[in-house]
Amino acid sequence: MAYVAIADRDAQEYDHHEPDTFITKYVWSQDHKVIAIQYGMTAIFVGVIALMLSVMMRLQLGFPDSFSFITPESYYQFVTMHGMIMVIYLLTALFLGGFGNYLIPLMCGSRDMVFPYLNMLSFWVYLLSVIILLISFFVPGGATGAGWTLYPPQAIAQGTPGVDWGILLMLLSLAVFIVAFTMGGLNYVTTVLQARCRGMTLMRMPLSVWGIFVATILGLLAFPALLVSAIMMLLDKTIQTSFFMPAMLSAGEQLSHTGGSPVLFQHLFWFFGHPEVYIVALPAFGIVSDVLATHARKNIFGYRMMVWAILAIGGLSFVVWAHHMYVSGMNPYFGFFFATTTLIIAVPTALKVYNWVLTLWQGNIHLRVPMLFAIGFIFTFIHGGLTGLFLGNVTIDLPLSDTYFVVAHFHMVMGVSPVLVVFAAIYHWFPKITGKMYNESLGRWHFWLTFFGTYAIYLPMHYLGFLGVPRRYFAMGSTDFMPQSAHDLNTAITISAIIVALTQILFFVNMIMSLRSGKKSDPNPWGATTLEWQTPDNPPKHGNWGHDLPECHRWAYDYSVPGYKDDFIPQNVPASGDAPVGRDHGVHH
Amino acid sequence: MYITLIFIAGIMVTVIGWLLRQTFNTQPWVATAEDNAVSGASLDANSKTILLAGFLAVATSLFGLFISAYSLRMEMPDWSPLAEPNLLWVNTAMLVLASIAYQWARNVAIEGRTSAVRFGLSIAGLLTVLFLVGQMLAWQRLMSEGAYITGNPANAFFYMLTAVHALHLLGGLWVWARSTIKVWSGAEADTVRLSVELCAVYWHYLLLVWAILFAMLINT
Amino acid sequence: MPLAIALIFLVVGSLVFHFLSPWTFTPLASNWSEIDLTIDITFWVTGLVFVAVNLFMAYAIIKYRYKKGQKATYDPENSKLEWILTIVTSVGVAAMLTPGLFVWAKFVNVPEDAVEVEAVGQQWHWTYRLPGDDGQFGNVDTARITSDNPFGMDPDDPAGQDDILIYDGEMHIPIGVPVKFNLRSKDVLHDFAIAEFRVKMDLVPGMVTYLWLTPTKTGRFEVLCEELCGIAHHTMRGAVIVDEMDDFEKWAATWPTFADTQSAVAGNAAVGAAQYAVCAACHGQQGEGNKALNAPKITGQGEWYLRRQLENYKAGRRGTHEDDVYGRQMAPMAMTLPNDAAISNVIAHIQSLPDEPAPSTIDGDLANGARLYAVCAYCHGDNAQGIQALNAPRMAGMTDWYLASQLHNFKQGIRGKHPNDFQGKQMGFMARTLQSEKDINDLVAYINTL
């Protein structure tokens, strides 16, 4: 292994000059924890907008033609913006910009990111991309309604909402987001590689860091594909080049484009788009592993396998992109290759699931709120993963692609599952971030309604897909093969969706109430081993560690080690000693 | 025809593979004194160097995908090759010289010869600006011949790729300007050494990218 | 404990839902039973994993729930177990993938003896083409598409002369023989999908894609577009009717060849004037319309639209709904035009009449009307001028009370109910987004200002 003596530890120098004004502390802050919270709040803010958009869509699908503010035009704008916001501006930003920023330096035992100024810049550029995105709702013609995949020609051709300004702002916003992500991403990678504390070997890092680290690498290499396609589409749109635009008609008129290839766009888009799935999933995998191990009081089962699975999934995610394109008109012979690689990726993914379940086995499981969400994640992820085996298998994709089965599948696997992890993570680290405890019973209500509610949305939705109900339809109307009961099912799904959306109010109430008047938390209420729980202050202050950096003496999963009194040994406890004497690890049950 | 995409995918898998190799032959749950003693930095390099390396990886992905888009679009029947102006050879020579000048500036910066650094940086910057001006002249010449960006996808790619490459150079010139102003306003060579070293690498990288793009453009 | 029970409940509930669900695959109507078989295999493998892993997890949660004084087992890894799980998983994956690849190979390779047909997509309609007697499609080119040559046929290609052009949303194919659909788009991406056939494929402008199947059941199957193609994506419907071979050939013979469409004679306005006498009784001598007789203005309307409506009346696609009182009056009138030539003549006469804007009789909230019109403009144009390529008639300067009554009819399903009135069905979707009579009046009042 390549570990080297460091000459360059400038970022590790203890900064005695804490920022003192409100502005430098909370606005133009270079502290990774503040930036993490800024990222997280912004992401959750746009996420709530996207959630409301989805409720509007569900209202139309469940009660067609009952609301005058939902027209086909606005419906397709809701669909597009919901998808784009959730995938990019919420999940990517929250997992990497939010959790990545908060957890990497704390878990690695660093004072901050290696480039704090760049880190701050990353957030403000991200905020700019969000603002551009939101402005697009208010320009003439409104936001783009091209679907989140933005396929040309239709994304920039007449007949699609927002074809004048909406699509331009969308592409611009994505380009700005990519700049923000690159600044943040290079920072996370450098920090993980170079700024860990003494003794923190790569294989001693908690899986959260591994997941975020590999996801960041995927993002750095994959987002350029989106940038390339955005640039080329902008040129097609603004100065009439023909990268993607073929000779075609628009409302009966011949356009000046010739010979472009719409399928080329799809290749570039999914070359980004598939790794993007894992950019969201890998941090979730990592975080859930740590939450499970902590609350089961047991080491994560098969840690090495977990790391290798993250790496294998990350690598394989670059060679499966065309499984989104089985019926796109690409050379059909590619179906053989991509179906095979896609099903191969199921193996490391399945191993991760087994290992999570085996972590519970022979544990001592505390079913606190974060753990409920984490186990809920395992369930929904198993479901979403298994339905992926349907769609990844090229033959079965023929009847199922472009139907509600696809919608149900990807919402289960990269909507519900990562969001359950987001909640697990927020509840898990809330005492660290704020120094307060959340309200346990509100948290439980939040879990149960969200978990059952989302399953009630998405399980039946798969069956609409089996029936052949197509996605992205403003209204089904009378369709020969759709019985009335299928329309009724849509209404039931909408009711579940509204319940789930309203349930999220509980979460916000809990967060706000606990922040204002929550019980003061122990520094390490769960009895966790990882370094972020061992900070001298709770919540940690600027510079994280006080005067001395921690030293790492063991891996991140020394739970219930035989022969020790406590059921956990923090990573910074030397091998010779027992748990630190005189410190009360009153484990909160 | 999909070879380029798969090639890039290969590069990405290699990056992941490197990490994979780092993690074999460990038993992390066994705490060893050897592990306790490691520094927590995996690479023997300055963190800014790593930042640059990371950025170059991102840029490689970007240019690689452009090239891959180029090769896929080229397959379509309406492609008609562009006759690139010979001026591009002159521009290429400028960029080669700029790269050499930067390398020289780097060497003298390491030796601490401040006045030589001033000279080297100025020459490197001048040659780079000449390259960019030359690229603009090439655009003008093409347009005066009626080869507009909308005329053919080959034209469109030419304009787009040269523009993206030039933008990268402009970004480099910004860093160049900072260190150049610094040494001309009296700072010692030592204060800009790292910046000059990294910029030299960046210039070589962009020269390499240009060489590949140029070879591709004139051969197709 | 409640969590473990919840997990068990969800596993059992999912199984019950699966086996009791009335929502499942439509009855298969093609040869692709192998696809269904692959799905069944996948169901069994994944179902087994779903049940086994979740029940094991629920069991673990019960057995190892927190107890004071209990300590978890320290167990970093178990290579043997992990290897076994890897191998078992790989076997399961291979069991699903292998049949999938074989079926895909069959799908990719079209049988030599397949009957070739073509489906053409455009915003937001389906049309079709048959190769004609020579069994060969003529060359087509998007650049040649005009209103007179909607398929973009090459007039100089001999192979194209006998191509049968079906400018309609309904297609027939013969049962029991392999049929290859060549798929082509005039504008954006579309996707040709029929649930009962199981197979689907995108239409990509600039290239020809394909799918094939052997129909095994006669009947009518709805064609849906399944690739987002713009605002009216959900209204892009068509139909495929599977016939016995004889019926198929008879049906095909009723459609014109490309040569027929090129040699069609223009209507004669002078001859049409005599036939127009019948129309004049209600629509007026100058075609200006007459509210008392519920007859709209017909001058200034697109020739193609008048023709289609007359054909619709004649074929019973319009004016047959029992609540369509005035449509039922018009239907027998249309019958007085015996053939295409008569229709062309009378339309030629109507086109020769002066086009005076109809008086406006409806007032409303113009701001609300303008808001509602945003959706209409996608097809009917910003100035309600009508766009033939999108099958959208002119509305500006036309009879406003008639527009209102037709919107009402579309909304109520009085018009556009006939399964073969694809444009009417489309308009029904759109009219239903209007919430009230007030919305309709506001909209029509706004159109009056255009």
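Structure values in brief
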quantity: Candidates C:Val199, C:Val103, C:Val223, ranked by Gaussian network fluctuation over chain C, Cα under 10 Å, top entry; calculated: C:Val103
quantity: Gain in span if fully extended, C:Arg328 to C:Ala159, counting 0.36 nm per residue against the direct Cα distance; calculated: 56.5 nm
quantity: Share of alpha-carbon pairs per 10 Å distance bin for segment A:79-172, given as whole %; calculated: 16, 39, 24, 15, 7, 0
quantity: Mean separation of Cα contacts under 8 Å (6+ apart) over length of chain B, as relative contact order %; calculated: 26
quantity: DSSP-defined antiparallel bridges as percent of all bridges, the protein assembly as shown, nearest 5; calculated: 75
quantity: Cβ-derived FRET efficiency at R0 41 Å, A:Ala492 paired with C:Ala315, nearest 0.05; calculated: 0.55
quantity: Label-zone membership for segment B:179-218, site B:Glu111, 7 angstrom Cα→C-beta point, backbone N under 20 Å; calculated: B:180, B:183-184, B:187-201
quantity: Options B:Leu127, B:Ile16, B:Ala211, ranked by Cα towards positive dipole end of chain B, top entry (Cβ charges); calculated: B:Leu127
quantity: Of all DSSP beta bridges in segment C:115-259, antiparallel share, percent nearest 5; calculated: 70
quantity: Size-normalised alpha-carbon gyration radius of the protein assembly as shown, reference 2.2 N^0.38 Å; calculated: 1.01
quantity: Under the Debye formula (equal points on every Cα, no solvent term), log10 I(q)/I(0) of segment C:152-231 at q = 0.11, 0.13, 0.22 Å⁻¹; calculated: -0.35, -0.49, -1.22
quantity: Between 0 and 90°, nearest 10: helix A:303-316 axis offset from chain A longest Cα axis; calculated: 30
quantity: Simple label model, 7 Å out from Cα along Cβ direction - C:His408 to A:Asp548, nm; calculated: 8.8
quantity: Residue mean of other protein chain beta carbons inside 10 Å, A:315-321; calculated: 5
quantity: Rg and Dmax [Cα atoms of segment C:40-124; Å; Rg one decimal, Dmax integer]; calculated: 23.6, 76
quantity: Two-decimal Rg/Rh across chain C, once Rg and the Kirkwood Rh are taken from alpha-carbon atoms; calculated: 1.11
quantity: Values of log10 I(q)/I(0), in the order q = 0.07 Å⁻¹, for chain A under a Debye, Cα-only, solvent-free model; calculated: -0.42
quantity: Acute angle (nearest 10 degrees) that the helix C:340-352 long axis makes with the longest principal axis of chain C, alpha-carbon atoms; calculated: 70
quantity: Distance between modelled label sites at C:Val91 and C:Ala277, nm, 7 Å Cα→Cβ extension; calculated: 8.9
quantity: Accessible area buried at the A-C interface, both sides summed, 1.4 Å probe (Å², nearest 100); calculated: 10300
quantity: FRET efficiency estimate (nearest 0.05) - Cβ-Cβ, C:Gln136 to B:Trp79, R0 35 angstrom; calculated: 0.80
quantity: Dimensionless Rg ratio for segment A:393-496, taking C-alpha atoms and the 2.2 N^0.38 Å reference; calculated: 1.38
quantity: Segment C:115-259: Rg to Rh, with Rh as the Kirkwood radius over Cα pairs; calculated: 0.94
quantity: Percent antiparallel among DSSP beta bridges (both partners in chain C, rounded to 5); calculated: 70
quantity: Cα-derived Rg to Rh of segment C:303-392, Kirkwood definition; calculated: 1.03
quantity: Rounded to the nearest 20 debye, dipole of segment C:358-450 from Cβ charges on Lys, Arg, Asp, Glu; calculated: 380
quantity: Cβ-Cβ FRET estimate between B:Ser185 and B:Phe119, R0 fixed at 22 Å, reported to 0.05; calculated: 0.90
quantity: Estimated dipole of chain A in Debye, rounded to 20 [Cβ of Lys and Arg +1, of Asp and Glu -1, Cα centre]; calculated: 860
quantity: Total formal charge among the other residues, if their Cβ is under 13 angstrom from that of A:Asn101, Lys/Arg +1 and Asp/Glu -1; calculated: -2
quantity: Farthest toward positive dipole pole in the protein assembly as shown [+1 Lys/Arg, -1 Asp/Glu at C-beta], among C:Phe107, A:Met482, C:Val265; calculated: A:Met482
quantity: Helical contribution to [θ] at 222 nm, DSSP H n ≥ 4, -39,500 (n - 2.57), averaged over chain A, rounded to 500; calculated: -19500 deg cm²/dmol
quantity: Spacing of the two label points (7 Å from each Cα toward its C-beta) at C:Glu244 and B:Asn46, in nm; calculated: 8.8
quantity: A:Ile23 - accessible surface, heavy atoms, 1.4 Å probe, Å² rounded to 10; calculated: 90
quantity: Largest-first ellipsoid semi-axes for segment C:358-450, taking √(5λ) over the Cα gyration tensor eigenvalues, angstrom; calculated: 19, 15, 12
quantity: Positive minus negative residues near B:Ala200 (Lys, Arg vs Asp, Glu; Cβ under 12 Å); calculated: +1
quantity: Tail weight of P(r) past 20 Å, computed on alpha-carbon pairs of chain B, percent; calculated: 66
quantity: Calculated diffusion of segment C:265-356, Stokes-Einstein form, Kirkwood radius summed over Cα pairs, 20 °C and 1.002 mPa s, µm²/s; calculated: 164
quantity: Nearest-ten-degree value, helix C:366-380 long axis tilted from longest Cα axis of chain C; calculated: 80
quantity: Mean separation of Cα contacts under 8 Å (6+ apart) over length of chain C, as relative contact order %; calculated: 12
quantity: Relative contact order of segment C:265-356, pairs being alpha-carbon contacts under 8 Å that are 6 or more residues apart, as %; calculated: 45
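The values are calculated or read from the model by the stated rules, or taken from the named source; none is laboratory data. This is a predicted model, so every value here is computed, not measured. FYI the Cβ positions are ideal-geometry reconstructions off the backbone, even for glycines, and counts take in every protein chain you see. Surface accessibility is based on the protein's heavy atoms, side chains included, excluding ligands, DNA and RNA. Shrake-Rupley method; radii C 1.70, N 1.55, O 1.52, S 1.80 Å.
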